[in-house]
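*Asks:* First, the structure itself, so that you have it in front of you.
The values are calculated or read from the model by the stated rules, or taken from the named source; none is laboratory data. None of these values were measured; they are calculated from a predicted model. Counting neighbours? That spans all protein chains shown, and the Cβs are built from the backbone with ideal geometry, glycine included. For the accessible areas, the whole protein counts, side chains as well, though only heavy atoms, and no ligand, DNA or RNA atoms are used. Shrake-Rupley method; radii C 1.70, N 1.55, O 1.52, S 1.80 Å.
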Amino acid sequence: MVSARNAHSLDEFVATHPGSVSLPLDVTDRAMFAAAGLQVASTCDSLDLVVYCAGHYKPMRATDFDLDEALRHVQVNQVGALHLIAAVLPGLLTQRRGHLSLVSSVAGYRGLPNAMAYGPTKAALINLAETLYLDLAPLGIGVSVINPGFVQTPLTAQNAFAMPALITPEQAALAILDGWAAGRFEIHFPRRFTLWLKALDHLSDAMYFRAIRRVTGL
Ligand SMILES: NC(=O)c1ccc[n+]([C@@H]2O[C@H](COP(=O)([O-])OP(=O)(O)OC[C@H]3O[C@@H](n4cnc5c(N)ncnc54)[C@H](OP(=O)(O)O)[C@@H]3O)[C@@H](O)[C@H]2O)c1
C-alpha cells in the first residue's frame, strides 16, 4: 500500500507497480488515519514493513520565525508519525513480527542553520525510533530510522545553497534497501557526508558552532 495526499500521483504509481494499492490520506488528520488503519487491518493478512516517509520542510531561521509554519512541521513530521504508530502498533503487537521504519534526517542530529522548524521534528523522530526499538525489538518487531543527507527531490529544490554530496532518489532508495537487508537500526547515507556529520556530533558545543559557521558562512 502506498499513501500520500495526492490521489492522482498514487494512481500513477499503482498503474506502474502491479500489486500495489493506493491509500490516499493526510497524515495530520487523526480520524482519516485511524480509518485507514482499519482498512489496512481488514485488507492485509499481516504487516511486513511499515514506513513513515511523509515530510514537510521550509527553510526557516530565527530571524524569520513563522509560528504557523513551525506548527505545520510538527503536525506532518512528528504528529503524523504518532498517528501512524497508533494505526499499526496494535496489529504489530498481535502478530509479534514485522518492521517499522521512520524517515528522519541528519538535520535531527544537531542544530543547523535554516532548520529551525524542520530540525527539531527530525530530532524527535530519531529519539522516538530509539525508544520504539528498545520496547519492540525484544517482542520480535524490527524498528529502524532512516537519516538521509541531501537527496534531489522537490523538498530540497527549495534550498538556495549548494548541497554537499547530493544524491538521486534512486541512490537513496538503494541505500535504504541495503540498510534494511543488513538489519541496521540507523540507515544513514551518503556515508561520505553523514560520517562527517557524525564526527561533528562528537565536538564540544563551542567547536561545533564554530565548525558549522565556518562551513555554512552563516
Ligand atoms: N530530500 C532530502 O534531501 C531529505 C533529506 C533528509 C530527509 N528527508 C525526508 O525524506 C522524506 C521524503 O522527503 P522528500 O525529499 O521525498 O520530500 P518531498 O518530495 O517533498 O515528498 C514529501 C512526501 O510527503 C508527502 N506528504 C507531505 N505532507 C503530507 C501529508 N500532510 N499527508 C500525507 N502525505 C504528505 C508528500 O505527498 P503529498 O504531497 O501527495 O501528500 C510526498 O510524498 C521526508 O520525511 C523528508 O523529511 C528528505
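*Asks:* Any idea which residue in the range 112-149 is nearest to A175 (Cα to Cα), counting only those that are open to solvent by 30 Å² or more (accessible area, probe 1.4 Å) and polar (S, T, N, Q)?
*Replies:* Ranking the qualifying residues of the range 112-149, first place goes to N127.
*Asks:* Which members of the range 87-111 meet the condition of being surrounded by fewer than 18 Cβ atoms within 10 Å (Cβ to Cβ), of a type in the set (G, A, S) and part of a loop (DSSP other than H, G, I, E, B)?
*Replies:* Of everything in the range 87-111, just one residue is surrounded by fewer than 18 Cβ atoms within 10 Å (Cβ to Cβ), of a type in the set (G, A, S) and part of a loop (DSSP other than H, G, I, E, B), namely G111.
*Asks:* Also, quick follow-up: Considering only residues that are surrounded by 13 or more Cβ atoms within 10 Å (Cβ to Cβ) and of a type in the set (F, W, Y), look in the range 16-73 and name the one that is nearest to R97 (Cα to Cα).
*Replies:* My answer is Y52.
*Asks:* Moving to a separate point now. For the range 39-82, give me each residue that is within 16 Å of the ligand (Cβ to nearest atom), of a type outside the set (V, I, T), in a helix (DSSP H, G or I) and under 20 Å from V21 (Cα atoms).
*Replies:* Selection gives Q39 alone.
*Asks:* Residue check, I187 against (1) open to solvent by 30 Å² or more (accessible area, probe 1.4 Å); (2) within 15 Å of the ligand (Cβ to nearest atom), all met but one. Which one?
*Replies:* (1) is the only condition that I187 fails.
*Asks:* Next question, about the same structure. Looking at the range 2-40, which of its residues are among the hydrophobic types (A, V, I, L, M, F, W, C), closer than 22 Å to L128 by Cβ and in contact with a helix residue (DSSP H, G or I) (Cβ under 8 Å, 6 or more places away or on another chain)?
*Replies:* Selection gives A4, L25, V27, F33, A34, A36, V40.
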